[in-house]
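What follows is one structure encoded as structure tokens, with my remarks underneath.
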Amino acid sequence: QVQLVESGGGLVQPGGSLRLSCTTSGSISSINYMGWYRQAPGKQRELVAAITSGGTTTYADSVKGRFTISRDNGKNTVYLQMNSLKPEDTAVYYCNARIITGQGLGRRLGDYWGQGTQVTVSS
């Protein structure tokens, strides 16, 4: 059983900062990919940032230069540092990870999601 738990969301004024964390737990052999997505009311879920096991990062154009994704492989945790927040960043932020569980012939690749954490940017 694999679980992803996000934390760090909240209410912040425009121009402020927040740091989201996503910690994984369970019978994990390795984690290939970790990413942050967001979904605003009435909109589709979109990729915000992602990072591979080797450290290659990808960002949505709307957050480049403001957000930074990082991961601690030893702790199976991914972070999203969000600076210069704007009202349009308001959304529920979800952690996603592609995780290999099991050993040998029992190895399986699964796609896992956290429960989401609300980020609200408002004065």
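Hey, among ARG71, ARG66, which residue is among the basic types (Lys, Arg) and either touching a residue at least 24 places away in the same chain (Cβ under 8 Å) or open to solvent by 50 Å² or more (accessible area, probe 1.4 Å) (or both)?
ARG71
Can you say whether THR23 is surrounded by 12 or more Cβ atoms within 10 Å (Cβ to Cβ), on the phi < 0 side of the Ramachandran plot and in contact (Cβ under 8 Å) with a residue 40 or more places away in the chain, as far as the supplied structure shows?
Judged against the criteria, THR23 is a match.
Could you please find all residues in region 55-83 being farther than 22 Å from LYS43 by Cα and either small (Gly, Ala, Ser) or touching a Pro at 6+ places or on another chain (Cβ under 7 Å) (or both)?
Within region 55-83, GLY55, GLY65, SER70, GLY74 qualify.
Here are the criteria: (1) more than 22 Å from SER123 (Cβ to Cβ); (2) over 14 Å from the mean Cα position of the chain (by Cα). Tell me which single one PRO41 does not satisfy.
Result: PRO41 passes all but (1).
Would you pick out the residues in region 98-123 that are of a type in the set (A, V, I, L, M), in a strand (DSSP E or B) and farther than 15 Å from GLU46 by Cα?
Of everything in region 98-123, those that are of a type in the set (A, V, I, L, M), in a strand (DSSP E or B) and farther than 15 Å from GLU46 by Cα turn out to be ILE99, ILE100, LEU109, VAL121.
If GLU88 passes every condition in (1) open to solvent by less than 50 Å² (accessible area, probe 1.4 Å); (2) under 17 Å from THR117 (Cα atoms); (3) over 14 Å from the mean Cα position of the chain (by Cα) but one, which one does it miss?
(1)
If I go through region 91-110 residue by residue, how many of them are over 19 Å from VAL5 (Cα atoms) and open to solvent by less than 100 Å² (accessible area, probe 1.4 Å)?
3
The values are calculated or read from the model by the stated rules, or taken from the named source; none is laboratory data. Keep in mind that this is a model prediction, so the values were computed, not measured. For neighbour counting, all protein chains shown are included, and Cβ atoms are generated from backbone atoms with ideal geometry for every residue, glycine included. With ligands, DNA and RNA removed, areas are computed over all heavy atoms of the protein, side chains included. Shrake-Rupley method; radii C 1.70, N 1.55, O 1.52, S 1.80 Å.
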